[in-house]
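Here's the structure, in structure tokens; my notes come after.
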Amino acid sequence: MSIETIATDNDALVLSEEEIFAAHEGGKLTISSTVPLNNKRDLSIAYTPGVAQVSRAIHANPELARTHTWAERLVVVVSDGTAVLGLGNIGPSASLPVMEGKSALFKSFGDLDSIPLVLNTTNVDEIIETLVRLRPSFGAVNLEDISAPRCFELEERLIEALDCPVMHDDQHGTAVVVLAALTNAAKVTKRELAGLKVVVSGAGAAGIAIAEILLAVGIKDVILLDSKGVVNAERADLVADPDSVKARMAQRTNPRGITGGPGEGLTGADVFVGVSSSKLDEEHLKLMNDQSIVFALSNPDPEVLPEVAQKYAAVVATGRSDFPNQINNVLAFPGIFRGALDAKARRITPAMKIAAARAIAELAEEDLSADYIVPSPLDARVAPAVTAAVAAAVTE
């Protein structure tokens, strides 16, 4: 029996393999009825013959399905199992415990019903066809753990194919919380957000979305790093594939035309955001500006450990719960989907994501410090605040 110890803000949690597997036995989800089923009258109302009246009414007026079924309040968590946590391409069945957990988070934090839907195909056309055919059964799609670059095409095409909110949380949930954290980190270090020089290490799903949202709020100096170095419009591999997502981002980022590797990219930078498996050399931290900001978000092993980053950086964040400033998607996605569904939005727009980030940031303002730039994922204020902000952005 293996034992794993996880440090938290107050105590160390000791988790046994037996405890973990026992909690997952039979799955983490169930379905319960919202109506009583105790006698013949209950059965006659909830099922036959009473249910036939509701079905006839929906047939005559399809809009009634929004109010008299659960479909329009149901989020499907969809994955093909190709990029699960830090485990990689482990397939749909192995991804199912993660998707069940995501559905449980939707219920606990957003009070939204959710079901996992793992698909035994990696073909974008087949995934889209499947979800289009299933559309009467759900009200929103949370794409999860789908590998790049396929995830970009899949999300873009699904948004056009479906008349309901669609969001790839690995991209946009991460980006929203990074923006919230960076907004407050800039305040802690007495900088203007728009004037920051930001380096994003990782040009996959999360890295591209982070760059997109930072550009959207007016940060002009954003540099992307991938395994080949700085993403530059003149780089041979990007010139050879001008229609790729990365090549298109090269046209919008790196305004100073930096070439080279992490050292060149980080020289004179204010912010490092890591969303890749690459390690950040301590020598590169020395190249950044004073009072730098380091978000080392790779899980479970950050690009640089906080105790090393804190030698040089004024604000340090990770994706882990055992260090201060946990940047966690659960701060964003329940409220984003709840707000979009409350407002009957067809799409989740950039304005809605920015509104969500601002709502998260504002919750930490009163107690803002270098070790507290975003609220805890367990803060009960978060989902309602994000929900309200997103719904208001739809109205506006």
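The values are calculated or read from the model by the stated rules, or taken from the named source; none is laboratory data. What you see is a predicted model; the values in this text were computed from it and never measured. Note that we place each Cβ from the backbone using ideal geometry, even for glycine, and neighbour counts take in every protein chain shown. Ligands, DNA and RNA are stripped out before the accessible areas are found, and what is left, the full protein with its side chains, is counted by its heavy atoms. Shrake-Rupley method; radii C 1.70, N 1.55, O 1.52, S 1.80 Å.
What the table shows:
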{"read-out": "Within a Gaussian network of the chain (alpha carbon springs, distance under 10 Å), most fluctuating of D169, D322, D42", "value": "D42"}
{"read-out": "Projected label distance in nm at V51 and E129, using a 7 Å step from Cα toward the beta-carbon", "value": "3.0"}
{"read-out": "Given charges at Cβ of Lys, Arg, Asp, Glu: the chain dipole, positive-most of S369, A380, P97", "value": "A380"}
{"read-out": "Cα shape, the chain, gyration tensor, a/c 1.5 rule", "value": "prolate"}
{"read-out": "Choice from I348, I115, I58 with maximal GNM fluctuation in the chain (Cα, 10 Å cutoff)", "value": "I58"}
{"read-out": "Qualifying lysines (Cα of each under 17 Å from Cα of K197; at least 8 residues distant if same chain)", "value": "K187, K220, K286"}
{"read-out": "Accessible surface ranking that places the most exposed of H168, H24, H284 first, with a 1.4 angstrom probe", "value": "H24, H284, H168"}
{"read-out": "Counted charge near E365, where neighbours are those whose Cβ lies closer than 15 Å (Asp, Glu -1; Lys, Arg +1)", "value": "-1"}
{"read-out": "For region 334-381 versus region 117-149, the gap between their alpha-carbon centres in whole angstrom", "value": "26"}
{"read-out": "Computed FRET value (nearest 0.05) for H59 with Q251, which takes r as the C-beta separation and R₀ as 45 Å", "value": "0.35"}
{"read-out": "With DNA, RNA and ligands ignored, accessible area of Y47 (1.4 Å probe; Å², nearest 10)", "value": "150"}
{"read-out": "Global form of region 1-145, assessed from the alpha-carbon gyration tensor, a/c cut-off 1.5", "value": "oblate"}
{"read-out": "Top positive-direction residue, dipole computed over the chain with Cβ charges, set V198, N254, G50", "value": "G50"}
{"read-out": "Per-bin percent of Cα-Cα distances, region 133-198 [5 Å]", "value": "4, 14, 20, 15, 13, 11, 11, 7, 3, 2, 0"}
{"read-out": "R0 of 51 Å, Cβ-Cβ distance D237-Q310: FRET efficiency to nearest 0.05", "value": "0.90"}
{"read-out": "Local electrostatic count, G207, Cβ distance below 13 Å [Lys/Arg +1, Asp/Glu -1]", "value": "-3"}
{"read-out": "Accessible area per residue, Å², the chain with all protein chains present, probe 1.4 Å", "value": "48"}
{"read-out": "Span from the region 38-80 Cα centroid across to the region 203-226 one, whole angstrom", "value": "43"}
{"read-out": "Whole-Å semi-axes of region 208-349's equivalent ellipsoid (Cα gyration tensor)", "value": "26, 24, 13"}
{"read-out": "Reachable aspartates and glutamates, given that their alpha-carbon falls under 12 Å from the alpha-carbon of K28 and they are not under 8 places away in the same chain", "value": "E100"}
{"read-out": "Residue-count net charge about A309 - beta-carbon cut-off 11 Å; Lys, Arg +1, Asp, Glu -1", "value": "-2"}
{"read-out": "Highest-MSF residue in the chain out of L29, L179, L134 [GNM, Cα springs under 10 Å]", "value": "L134"}
{"read-out": "Top positive-direction residue, dipole computed over region 199-342 with Cβ charges, set N289, A216, N328", "value": "A216"}
{"read-out": "FRET efficiency, 1/(1 + (r/R0)^6) with R0 25 Å, evaluated for L29 and S137 via beta carbons", "value": "0.95"}
